[in-house]
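Engineer: Before we start, here is the structure in question, set down as structure tokens.
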Amino acid sequence: MNPLPSTDFDSSLVELLRQDPYPVYDRLRELARVLWSPSPGLWVVTGHREAAAVLTDPNSSVQEDTVEDGSKRSILDLDPPDHTRLRALVQRAFTPRVVAGLAPKIQTIVDDCCERALERGGLDLMDELASPLPVTVIAELLGVPPEERAVFRQWSDDLIAHLEPIRTEEEQRRADTASEELRQYLAGIIERRRHDPGEDLLSKLIEVEEQGESLTTQELITMAVLLLVAGHETTVNLIGNGIWALLQHPDQWRRLQENPDLIETAVEELLRYDSPVQMTSRTPKRDMELGGQQISARQVVVLFLGAANRDPEEFECPDRLDIGRHPNHHLSFSRGIHFCLGAPLARLEGRIAIGTVARRLPSLHPDGEARRRSYVNLRGFVTMPLAV
């Protein structure tokens, strides 16, 4: 295995992570499952056991600092009791019944995409299915009119830079602009829903109460932004990475076609094999011991979820794609109190999209260069031309 140029997060290491992070993770894990990186001064965790311990430790905070307007923090950035209150309120509206009710819409979108692909002899998976599907579903969920969804998708594409640890000034500018425009747009929708509620999620969130509490307008806006950003890009990458991994493993592609009932375990394995989100971070409130290392309070701990999902101590033959793998305790949706609120929706979209494509486009194969995003955290494709 090639040596690492440095354990610092310099440009050479970042470039390796962008190209193919998994050999880098293996090398880091060989050095130490919990490793100190002098620059920029943080702990790196590559072991599954250690990452899971941090995610479930009440001592681990997601708040590294404070802001004047706490209402603009999403539940991803809040600790209890604020996190507990917001999650309880949202869960009363974002129910399994609400998620299940989206299945027919998801199925229609995927079927229409497959029909067009069969008529034309191919498709760009990212542009025609993986990207538009989740943003259309979220727009439907929030009650965004069909004629306004194009700009909604553009806001989502620009906003994802906020989830990247490394971004250009231009990416930051576009993300900030999109955030402000989206928040203003959502404020208008929320004001209309207060006077004329519908069946959409925003109307339900306005109505819910838990022990006499409700969501403020700013909290409603922040929750909607989170649903768009986190719920869109992760599902885009699940579908794109998942189908690409299957096409690179023809035996597993055929296996899914011959055994469509494997779709649930297949989606879990695809989440593990090439994680849509590669990292998250925590900051311990007090000193702690982890993997034989002493971590001081307020030191940043970066958890490489993609590395934890390939840890040979947890997964037998971790670099092998096995759509029947069980059990499969991957960390792609995190763990503990911050377990992904949108996981049921992402799983539903993944099962319908990947299962339907496998059934209706069995001869699918690459037809040109599939190009990945230049991101480190949100691992996915920009374009993926395929022929049927």
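The values are calculated or read from the model by the stated rules, or taken from the named source; none is laboratory data. The model shown is predicted, which means the values in this text are computed figures rather than measured ones. So basically every Cβ, Gly included, is an ideal-geometry build from the backbone, and we count neighbours across all protein chains shown. When the accessible area is computed, the model is the full protein with side chains, heavy atoms only, and any ligands, DNA or RNA have been set aside. Shrake-Rupley method; radii C 1.70, N 1.55, O 1.52, S 1.80 Å.
Engineer: Of SER60, SER11, which residue is of a type in the set (S, T, N, Q) and either open to solvent by less than 10 Å² (accessible area, probe 1.4 Å) or modelled with pLDDT under 80 (or both)?
Structural biologist: Values: SER60 fails: either open to solvent by less than 10 Å² (accessible area, probe 1.4 Å) or modelled with pLDDT under 80 (or both).
After ruling out the rest, the residue left standing is SER11.
Engineer: Here is a further query. Restricting the search to the stretch 173-195, which residues are farther than 21 Å from HIS162 by Cβ and open to solvent by 30 Å² or more (accessible area, probe 1.4 Å)?
Structural biologist: GLU191, ARG192, ARG193, ARG194, HIS195
Engineer: Residue check: is GLY198 small (Gly, Ala, Ser), crowded, with 18+ Cβ neighbours inside 10 Å and in contact (Cβ under 8 Å) with a residue 12 or more places away in the chain?
Structural biologist: No: the conditions fail for GLY198.
Engineer: Looking at GLU207, GLU213, can you tell me which residue is open to solvent by 30 Å² or more (accessible area, probe 1.4 Å), out of contact with any helix residue (DSSP H, G or I) (no Cβ under 9 Å at 6 or more places or on another chain) and in contact (Cβ under 8 Å) with a residue 40 or more places away in the chain?
Structural biologist: GLU207
Engineer: Any residue in the stretch 150-173 that is outside any helix (DSSP H, G or I) sitting within a Cβ distance under 7 Å of a residue that is among the basic types (Lys, Arg)? List the pairs, counting only those 6 or more apart or interchain.
Structural biologist: none
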